[in-house]
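For reference, the structure is listed below as structure tokens.
The values are calculated or read from the model by the stated rules, or taken from the named source; none is laboratory data. Not measured: the values here are computed from a predicted model. Using ideal geometry, Cβ is built from the backbone for each residue, glycine included, and neighbour counts are taken over all protein chains shown.
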Amino acid sequence: MNHFWKPLFALAIFSLYSLGASGQEVKDAKFLFQAGAGVSGLYAPAFSKWSETVTYEQSDDFHVSLGLEGAAQLRIATDFWLGAQVSYSRIDQSLDKFSYKQSSLTATLFQPAVFVSFIPNEFLKQKALVRASLGAGPVFAGITTDFETETDYSGLGAGIFLEGEFGLPLTNLLFASFRAKLAGGLTGSLTHNAKSLQYIDSDAKIKDVTLSYFQAGVSIGVALLL
């Protein structure tokens, strides 16, 4: 008999907890946590010129980059939130046609940032997440080559971004979201052991490689309100 009542008691406790959670209003949430992954087109002119110098082939102006992003936000007013995020973008370019066998160029951008979001509370009342954000932060840029030996070049810069998001509820507090993002940044010369990575420009001058960029992309993810 005791074994019969224990599952019922556990089920009752779980039901009460679920009802309480589902009754929580998203409009009263104080925290927002987000994670996502996506794809973007990244325009980095110096990287393209350097790629052309290395491969002796025409390089695309826009490179396809894959990215990850995570963020946490705190409500500071009815419709405004303050947040921090980290984002990571990566470009991989195969050099199979080049004389070095199975070689590649890899460019990465890592950006921690702070941002302010406008999230209309009226939409949250209707269980819809609508967000517009503006942020800025440092950019850690890197290029890895694996010609004869693998070499990592790195540089530091700063960037800004503008992001829009629309999310629909999966549960009372969990949303599936779609994001669109515009970003740009300037970086210094990329170096390895104080030696700069360089390329030959169209005017025949030798210039240092940077990862200064403009980026436009989309991503999907999840958002959790607490």
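Residues are listed down the side, and each one gets a yes or a no for (1) part of a strand (DSSP E or B); (2) within 21 Å of the chain's Cα centre (by Cα); (3) surrounded by 15 or more Cβ atoms within 10 Å (Cβ to Cβ):
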residue	(1), (2), (3)
T171	no, no, no
S177	yes, yes, yes
A183	yes, yes, yes
D203	no, no, no
L211	no, yes, yes
A216	yes, yes, no
I220	yes, yes, no
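Would you check if S117 is of a type outside the set (K, R) and in contact with a Leu (Cβ under 7 Å, 6 or more places away or on another chain)?
In short, no.
Given the conditions (1) at pLDDT 95 or above; (2) in a loop (DSSP other than H, G, I, E, B), and given that G135 satisfies all but one, which numbered condition is not satisfied?
Status for G135: all satisfied but (2).
Tally time: how many residues in segment 185-201 are part of a loop (DSSP other than H, G, I, E, B) and touching a residue at least 12 places away in the same chain (Cβ under 8 Å)?
Count: 5.
Could we say that E165 is outside any strand (DSSP E or B), acidic (D, E) and either modelled with pLDDT of 90 or more or surrounded by fewer than 17 Cβ atoms within 10 Å (Cβ to Cβ) (or both) here?
Judged against the criteria, E165 is not a match.
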